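What follows draws every value from the coordinates through simple rules; no lab data is involved. Because the structure is predicted, anything quoted here is derived from the model rather than measured. Please note: Cβ atoms are built from the backbone with ideal geometry, for glycine as well, and neighbour counts cover all protein chains shown.
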């Protein structure tokens, strides 16, 4: 692979989305056949091309041939997309069997900015470093020796162990460069959004706007983004567009808009930037979100990683953290648990349980106390479960606890 970058960032201020076209690393559990032609063309683009060919066909036999070709290729190549995934922080690479393929592809994100994932990686963890190596190949490819880089091609499957070993080979070189940029972006974001800074700095800048804090950061730190902040060019003019409108007849245009977007919420107004440096794309994202009101960067209360949210009261991100549970799911459960634990009835429950536990140990030769303690734990667990499910109330639990407040046989 050549050390070439054509990173394109599209910003839509109406929907607050960022689309980043770059090299993306995908994980495949099983071997699939990849084809450059289809990997570089979206399924929608291929569909439109084949429909156009079918419309131009002169005979039914020719149309049937085109339809058959379309059906076979769609099943063979585009169904592969369902079998692939992007590795996350929680994936244990050394336990995975399968393949990695690098593709030049565009991914649209609204609140899951790759910038915030980038600064959230713990590169002291070898596992997270390997995941980073795969997910941010546009960064690491500049560090690889020519001989090793030439072993990698786009749209080609490589055994995940081969990629892992290659990543480990360059561990020291990569983290030296990456950690430096992580620190710069983190320091800026922490100051702008008032996180993880010392009390003096927080008090000094608390009455400033986000833009003013950004200015303070640059001034105090001798403009640390100066080498990347201008390394881009715009690639289109400003315009308002709809992707699905492809006609010049005004009556048809208006009828489509009234039917498909009566409130004008789906219209696109994108700014596009092209750069050869992924850090520059990150800088543009940062610059862009700082200027947007009512959008906040926070650190998740569960996984401790950075995330973007439209609500200041949100404390947990949407990343998958346990099975199918997100940090937000876990945070909601913890909040409910804390709320319940603060109830006076639960204080009574804990007191009774503690007393029964003490007596079961003190009189361990008397089976009553042990049985009483175990039965109490079992019944309490059932009550708490039923309360969560709405099958019982705290009042029911309280009444039952009154019958359990005893420490010895009658």
Item to complete: Please give the direction-averaged projected area of the C-alpha convex hull for the range 1-122, in square nanometres with one decimal.
Response: 10.7
Worksheet entry | Pairwise label distance in nanometres, residue 63 with residue 233, each label 7 Å out on the Cα-Cβ vector | 4.6
Worksheet entry | Inter-centroid distance (Cα atoms) of the range 255-314 relative to the range 141-167, Å | 32
Item to complete: Once you have a ≥ b ≥ c as the square roots of the Cα gyration tensor eigenvalues for the range 266-310, tell me rounded if a/c is under 1.5, and otherwise prolate or oblate according to whether a/b is larger than b/c.
Response: oblate
Worksheet item: Taking the structure as given and computing semi-axes √(5λ) of the Cα gyration tensor in Å, which label from [x] 65, 22, 15; [y] 32, 31, 19; [z] 50, 30, 27 fits?
Response: [z]
Worksheet item: Per residue of the chain, what 222 nm ellipticity follows from adding -39500 (n - 2.57) for every DSSP H run with n ≥ 4, rounded to the nearest 500?
Response: -15500 deg cm²/dmol
Item to complete: On a 0 to 90° scale, report how tilted helix 171-192 is relative to the longest principal axis of the chain, with both axes built from alpha carbons and the result rounded to the nearest 10.
Response: 70
Practice prompt. Starting from the exponent 0.38 and prefactor 2.2 Å, build the expected Rg for the range 1-66 from its residue count and divide its actual Cα Rg by it.
Written response: 1.65
Worksheet entry | residue 353 versus residue 97: modelled label distance in nm, points set 7 Å from Cα along the beta carbon direction | 4.2
Fill in: Centre separation in Å (Cα based) which lies between the range 21-40 and the range 41-95
13
Practice prompt. Taking only the C-alpha atoms, wrap a convex hull around the range 220-309 and report its volume per residue in Å³ as a whole number.
Written response: 180
Worksheet item: If you count, for each residue, the other Cβ atoms within 10 Å and average over each peptide, how do 57-69, 148-160 line up from highest to lowest?
Response: 148-160, 57-69
Discussion item. Within a 10 angstrom radius of the beta carbon, how do 207, 366 rank from fewest other beta carbons to most?
Written reply: 207, 366
Fill in: the chain, relative contact order [Cα under 8 Å, separation at least 6], %
18
Discussion item. From the Cα trace of the range 147-206, what convex hull volume per residue do you get, rounded to a whole Å³?
Written reply: 131
Practice prompt. At q = 0.13, 0.15 Å⁻¹, work out log10 I(q)/I(0) for the range 149-250 with the Debye formula, treating every Cα as an identical point scatterer and leaving solvent out; two decimals please.
Written response: -0.83, -0.88
Item to complete: Round to the nearest 10 and give me the degree value, 0 to 90, for the angle of helix 278-290's Cα axis relative to the longest principal axis of the chain.
Response: 60
Response to the item:
Computed from the beta carbon distance with a Förster radius of 41 Å, FRET efficiency for residue 47 and residue 386 to the nearest 0.05 stands at 0.20
Discussion item. Highest mean first, how do 165-173, 95-103 rank when packing is the count of other Cβ atoms within 10 Å averaged over residues?
Written reply: 95-103, 165-173
Discussion item. Test of understanding: what is the full-extension gain from residue 171 to residue 88, defined as 0.36 nm times their sequence separation minus their Cα-Cα distance?
Written reply: 28.0 nm
Worksheet item: Assuming R0 = 41 Å, what is the FRET efficiency of residue 4 and residue 220, from their Cβ-Cβ distance, to the nearest 0.05?
Response: 0.70
Worksheet item: Tell me, 360, 269 in order of fewest to most beta-carbon neighbours within 10 Å?
Response: 269, 360
Response to the item:
What the 5 Å binned alpha carbon P(r) of the range 333-404 shows, as percent of pairs per bin from 0, is 3, 16, 25, 24, 15, 10, 6, 2, 0
Fill in: Potential lengthening between residue 293 and residue 402 on full extension [0.36 nm per residue; Cα-Cα distance subtracted]
33.9 nm
Worksheet item: Could you give the length gained on full extension between residue 377 and residue 322, defined as 0.36 nm per residue of separation minus the Cα-Cα distance, in nm?
Response: 17.1 nm
Worksheet, complete the sentence: Convex hull around the C-alpha positions of the range 246-371: the volume in Å³ per residue is 268
Fill in: Helix axis angle, 327-341 relative to the chain longest principal axis, alpha carbon, degrees
20
